[in-house]
Amino acid sequence: MTIELETTVSADFSQFYLFNVGSIDPNAHGKFLALHQDDSVMLTAARQFGDLPVSVTLFEGRPNELGPEWENIAEVSIIATDSSSVGGWMPEPEDLELGLDDGVEYRLRYALSGATEASITQSDEVTELYRIDLWPEPVSAEAPVRRDAKFGFYWHMSQTTSAVRDEIYARSVPFEQARIEEFADRAFTLFPELVADLKTDEPTYLSGLSSTALMLLGEGIPSDLPMSEAASIAEHRRALLQDELQRLGRQR
């Protein structure tokens, strides 16, 4: 029996979540789907903020392939709990409960339609579609099934470089400049397209890369600062980081 569910979730900073997952494929790093955090899976949205229409379909076995209108698709394995749910930034009582079987291995397929246009325009009207498919299946490696040239590459890049950033940050490299240089070196090695873009003055992914790396610039902005002052510091740091990434990219 196929079960079809619908919900609306609030995207914050281009993300919403599958909460209360018992465990996730330990070999998955979120390169193609999203960051895997504790007992949740972060799903990457095409827009920074907004209410997103999300369809969830539960299958008894692997479903048919999706049509070409779903231009970004990725899969990852999870082990469910009986309280697994889909929701926004934080778990809420009104989140969509999925009714999954506790302890059962599932394959999660996450797909987006119209994501590239939405990521560029960021219009108030939500025209893109979000789809989650789940079915029982033994754990296997995460994989990109289909990836649109622009949004799909950004999706892949942002998740991969987030893992690099977190690794560098966890090692407590003593100098901020050393952190940034190592991050840029590794990002450019992983994605040669970044170097080509920078050398042709095409900053398509520079903003996203600098946002990913921003926490490498220190321990954060004091929480007791006035909002306007904190925003000014953050913008100054971001500008410095973008200049540094641009300079490093041009040296290659």
Problem - Highest to lowest packing among 56-62, 102-108, scored as the average C-beta count within 10 Å - result: 102-108, 56-62
Fill in the blank from the handout: Simple SL model, points at 7 angstrom along Cα→Cβ for Y169 and E235; separation in nm is 2.3
Fill in the blank from the handout: Quick calc: nm separation of the 7 Å Cα→Cβ label points for D124 and N64 -> 3.9
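Per Stokes-Einstein, at 37 °C and 0.692 mPa s, what whole-number D in µm² s⁻¹ belongs to region 36-93, with the Kirkwood radius over Cα pairs as the hydrodynamic radius? If you can, show how the numbers build up before the last one.
On the way: Rh = 14.3 Å.
Using the Kirkwood radius from Cα pairs, D works out to 230 µm²/s.
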Problem - Compactness of region 63-106 - radius of gyration and Dmax, Cα, Å - result: 13.4, 35
Exercise for the section: With a point put 7 Å past each Cα toward its Cβ, work out how far E181 is from L5 in nm, to one decimal. Expected result: 5.0
Practice task
Provide the FRET efficiency to the nearest 0.05 for the L190-F49 pair, computing r from the beta carbons and using R0 = 30 Å.
Solution key: 0.60
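Work out how much length M215 to W89 would gain on full extension: take 0.36 nm times their residue separation and subtract the Cα-Cα distance, in nm to one decimal. Display every interim value, and only then the final one.
Numbers: separation 126, 0.36 × 126 = 45.36 nm, distance 1.96 nm.
Once the chain is fully extended between M215 and W89, it gains 43.4 nm.
Which translational diffusion coefficient, to the nearest whole µm²/s, is obtained for region 3-146 from the Stokes-Einstein equation, given a Kirkwood hydrodynamic radius over C-alpha pairs, 25 °C and 0.890 mPa s? Please report the intermediate quantities before stating the final value.
Values: Rh = 15.1 Å.
Roughly 163 µm²/s, to the nearest whole number.
Values quoted throughout were computed directly from the atomic coordinates according to the rules given, and no laboratory measurement underlies them. Note that the structure is a prediction, hence the values are computed from the model and not measured. Quick reminder, even Gly has a Cβ in these numbers, built from the backbone with ideal geometry, and neighbours come from all protein chains shown.
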